[in-house]
Amino acid sequence: MSLPKYAVLQKPRGDKRTYAITPRIAGGFATPDELRKIAETAEKYHGTLKITSGQRIAILGISAEDVEKAWEDLGMDPGVVSPYSVKNIEMCPASFCKRAKQNSMKLAMKLEKRFYGAATPNRMKIGVVGCMNSCTSANSKDIAVLANDEGYVIRAGGSAGFHPRLPDDIAENLNDQEAFDMVEAIYLYYCETADMGEKLGDYIDRISLETFKTGVYERYTLIQEEQKQ
């Protein structure tokens, strides 16, 4: 039996099979209408709502025959397009925070639009924060964008899974556009050269940080040159 589209099978209980669906909520910022849709859909199909660590709201306990109808009622994109894609771009509310050093929400939303559902060798998470407090646990993400008084710091290779790993420093003192381009360069180099199924942190460990940074900066330079043309 194939899985319903954009649904996750939950723990089977006897012959009963239920699924979870998670609509896309960019950066965790939802409109009242979106929240009403999610609540009404959960109520209609007898689901349970769960706020996820990825800044979304999952509807749990949906039967297989109701999954497609639930998506139609929601009228929203799925939170995760594929296991081999950018899973989410988590961000802090920097525009509203007194501790923010940069207005990172603008950059984060630009990254969310660019990388939502983008194909990768393995699942990828990106964290963007307005200060070094890292309120979204950005240092546990594959790519971390952190802000200080001088601009943005970019790190890569973080993980909080079975093999926790702190990220490596890739660049610092970047402005908004430079930070966006550096994330693009990391993404491109990873997708072009890593093995299928290989997490970014594992890939860096395999080829060495020096080799990784060399490849990333080559692509970053190309991106910068293309923008000047």
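Would you check which residues across region 57-86 are without any contact (Cβ under 8 Å) to a residue 60 or more places away in the chain, within 15 Å of Thr18 (Cα to Cα) and small (Gly, Ala, Ser) and list them?
Of everything in region 57-86, those that are without any contact (Cβ under 8 Å) to a residue 60 or more places away in the chain, within 15 Å of Thr18 (Cα to Cα) and small (Gly, Ala, Ser) turn out to be Ala58, Gly61, Ser63, Ala70.
Using the structure shown, decide if Ala119 is exposed (fewer than 13 other Cβ atoms within 10 Å of the Cβ), in contact (Cβ under 8 Å) with a residue 24 or more places away in the chain and in the same structural domain as Asn148 (by TED's automatic domain parsing).
Considered against the rule, which asks whether it is exposed (fewer than 13 other Cβ atoms within 10 Å of the Cβ), in contact (Cβ under 8 Å) with a residue 24 or more places away in the chain and in the same structural domain as Asn148 (by TED's automatic domain parsing), Ala119 comes out as yes.
Just to be sure I understand, how many residues within region 59-99 are crowded, with 21+ Cβ neighbours inside 10 Å and among the small types (Gly, Ala, Ser)?
Of the residues in region 59-99, 3 are crowded, with 21+ Cβ neighbours inside 10 Å and among the small types (Gly, Ala, Ser).
Lys5 versus (1) surrounded by 19 or more Cβ atoms within 10 Å (Cβ to Cβ); (2) at negative phi; (3) touching an Asp or Glu at 6+ places or on another chain (Cβ under 8 Å): which is the lone unmet condition?
Of everything listed in (1) surrounded by 19 or more Cβ atoms within 10 Å (Cβ to Cβ); (2) at negative phi; (3) touching an Asp or Glu at 6+ places or on another chain (Cβ under 8 Å), Lys5 misses just condition (1).
Can you tell me which of (1) hydrophobic (A, V, I, L, M, F, W, C); (2) farther than 19 Å from Leu3 by Cβ; (3) not in a strand (DSSP E or B) is the one Val86 doesn't meet?
(3)
Give me the residue from region 141-158 that is in a loop (DSSP other than H, G, I, E, B) and of a type outside the set (Asp, Glu) and, out of that set, nearest to Tyr190 (Cα to Cα). First the steps, then the outcome.
From region 141-158, those in a loop (DSSP other than H, G, I, E, B) are 141-142, 149-150, 157-158; that's our starting set.
Still in the running and of a type outside the set (Asp, Glu): 141, 157-158.
Numbers: Lys141: 15, Gly157: 11, Gly158: 14 Å.
The residue in question is Gly157.
Would you mind finding the one in Gly161, Gly130 that is without any contact (Cβ under 8 Å) to a residue 40 or more places away in the chain, of a type in the set (Gly, Ala, Ser), in a loop (DSSP other than H, G, I, E, B) and within 22 Å of Met196 (Cα to Cα)?
The unique qualifying residue is Gly161.
Take the residues of region 11-30 that are in a loop (DSSP other than H, G, I, E, B) and β-branched (Val, Ile, Thr): which is nearest to Glu72 (Cα to Cα)?
Applying the filter and picking the extreme gives Thr22.
Sort through Ser134, Ser140 and tell me the only one that's among the hydroxyl-bearing types (Ser, Thr, Tyr), surrounded by fewer than 21 Cβ atoms within 10 Å (Cβ to Cβ) and under 20 Å from Ser85 (Cβ atoms).
When all the criteria are applied, what remains is Ser140.
State yes or no: is Tyr220 among the hydroxyl-bearing types (Ser, Thr, Tyr), closer than 19 Å to Gly158 by Cβ and touching a helix residue (DSSP H, G or I) at 6+ places or on another chain (Cβ under 7 Å)?
Spelling it out, it is not the case that Tyr220 is among the hydroxyl-bearing types (Ser, Thr, Tyr), closer than 19 Å to Gly158 by Cβ and touching a helix residue (DSSP H, G or I) at 6+ places or on another chain (Cβ under 7 Å).
I'm trying to understand the selection: among the residues of region 173-190, which are in contact with a strand residue (DSSP E or B) (Cβ under 7 Å, 6 or more places away or on another chain) and in contact (Cβ under 8 Å) with a residue 24 or more places away in the chain?
Selection gives Asn175, Ala179, Met182, Val183, Ile186.
Would you please name the residue that is nearest to Met91 (Cα to Cα), looking only at residues in region 30-58 that are surrounded by fewer than 19 Cβ atoms within 10 Å (Cβ to Cβ) and in contact with a Lys or Arg (Cβ under 8 Å, 6 or more places away or on another chain)?
It comes out as Gly54.
The values are calculated or read from the model by the stated rules, or taken from the named source; none is laboratory data. This structure is a prediction, so every number in the text was calculated from the model and none was measured. No Cβ is skipped: glycine too gets one built from the backbone with ideal geometry, and neighbour counts run over all protein chains shown.
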